[in-house]
Amino acid sequence: MRAVILESLARAGRFLRRYWLWGAVLLVGALLWQDMQPDVTVEETGPMAPDFALEQMNGEVFRLSEHRGEVVVLNIWATWCDPCHTEVPGFVELQKEFADEGVTFVGLSI
């Protein structure tokens with residue numbers, strides 16, 4: 001039993017002697033990554049967004065003032081914009097995912 005433990009310790013020692021530099025590189029990388037992260041503070045209150053009203057595709061009117069206290073993501077896009085067409089399905093999926101949490105995605109086509 002003692003021989004097995006000594007052999008395991010010897011293997012661990014060889015491993016550490018062989019690969020210690022990778023551990024040091026990973027540690028330094030993790031510390032630099034944390035240091036490069038921006039310090040972002042989000043104000044709890046700020047200026048209110050100006051109210052606006054948009055006619056929806058179904059004929060109803062969307063008013064921003066009716067969504068005070070909610071998160072509203074306004075995506076302004078154009079029908080001729082290929083990247084815009086690519087991102088729309090992602091916004092639809094996000095709307096489905098976060099609808100219960102009070103997040104509304106509004107797409108404004110220009």
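The values are calculated or read from the model by the stated rules, or taken from the named source; none is laboratory data. Small disclaimer: the values here were computed from a predicted structure and weren't measured. Positions of Cβ are generated from backbone atoms using ideal geometry, with glycine treated the same way; all protein chains shown enter the neighbour counts.
Select from region 53-87 the residues that are among the β-branched types (V, I, T) and within 17 Å of the chain's Cα centre (by Cα) and write down the one among them that is nearest to V42 (Cα to Cα). Show your work before the answer.
Within region 53-87, the subset among the β-branched types (V, I, T) is 61, 71-73, 76, 79, 86.
Subset that is within 17 Å of the chain's Cα centre (by Cα): 71-73.
Numbers: V71: 14, V72: 16, V73: 16 Å.
Only one residue fits best here, namely V71.
Among (1) touching a Phe, Trp or Tyr at 6+ places or on another chain (Cβ under 6 Å); (2) modelled with pLDDT under 90, where does L64 come up short?
Against the list (1) touching a Phe, Trp or Tyr at 6+ places or on another chain (Cβ under 6 Å); (2) modelled with pLDDT under 90, L64 comes up short only on (2).
Return the residues of region 43-61 that are out of contact with any Phe, Trp or Tyr (no Cβ under 9 Å at 6 or more places or on another chain) and under 20 Å from S109 (Cα atoms); say none if nothing qualifies.
Initially, region 43-61 is screened for residues out of contact with any Phe, Trp or Tyr (no Cβ under 9 Å at 6 or more places or on another chain), giving 43-51, 57-61.
Selection gives A49, P50, D51, M57, N58, G59, E60, V61.
If you take the residues of region 70-86 that are exposed (fewer than 13 other Cβ atoms within 10 Å of the Cβ) and touching a residue at least 12 places away in the same chain (Cβ under 8 Å), which of them is nearest to A53 (Cα to Cα)?
Restricting to residues being exposed (fewer than 13 other Cβ atoms within 10 Å of the Cβ) and touching a residue at least 12 places away in the same chain (Cβ under 8 Å), the top hit is I76.
Quick test of your reading of the structure: V40 fulfils all but one of (1) over 16 Å from I110 (Cα atoms); (2) among the β-branched types (V, I, T); (3) surrounded by 12 or more Cβ atoms within 10 Å (Cβ to Cβ). Name the failing condition by number.
V40 satisfies all of (1) over 16 Å from I110 (Cα atoms); (2) among the β-branched types (V, I, T); (3) surrounded by 12 or more Cβ atoms within 10 Å (Cβ to Cβ) except (3).
Limited to region 1-52, what total is found for residues that are of a type outside the set (A, V, I, L, M, F, W, C) and under 30 Å from V73 (Cβ atoms)? Break it down stepwise before answering.
First pass over region 1-52, keeping only residues of a type outside the set (A, V, I, L, M, F, W, C): 2, 7-8, 11, 13-14, 17-19, 23, 29, 34-35, 37-39, 41, 43-47, 50-51.
So of that shortlist, the ones also under 30 Å from V73 (Cβ atoms) come out as 34, 37-39, 41, 43-47, 50-51.
Of the residues in region 1-52, 12 are of a type outside the set (A, V, I, L, M, F, W, C) and under 30 Å from V73 (Cβ atoms).
So which residues in region 1-16 are surrounded by fewer than 10 Cβ atoms within 10 Å (Cβ to Cβ) and either modelled with pLDDT of 80 or more or in contact with a Lys or Arg (Cβ under 6 Å, 6 or more places away or on another chain) (or both), if there are any at all?
First, the residues of region 1-16 that are surrounded by fewer than 10 Cβ atoms within 10 Å (Cβ to Cβ): 1-5.
Hits for region 1-16 are A3, V4, I5.
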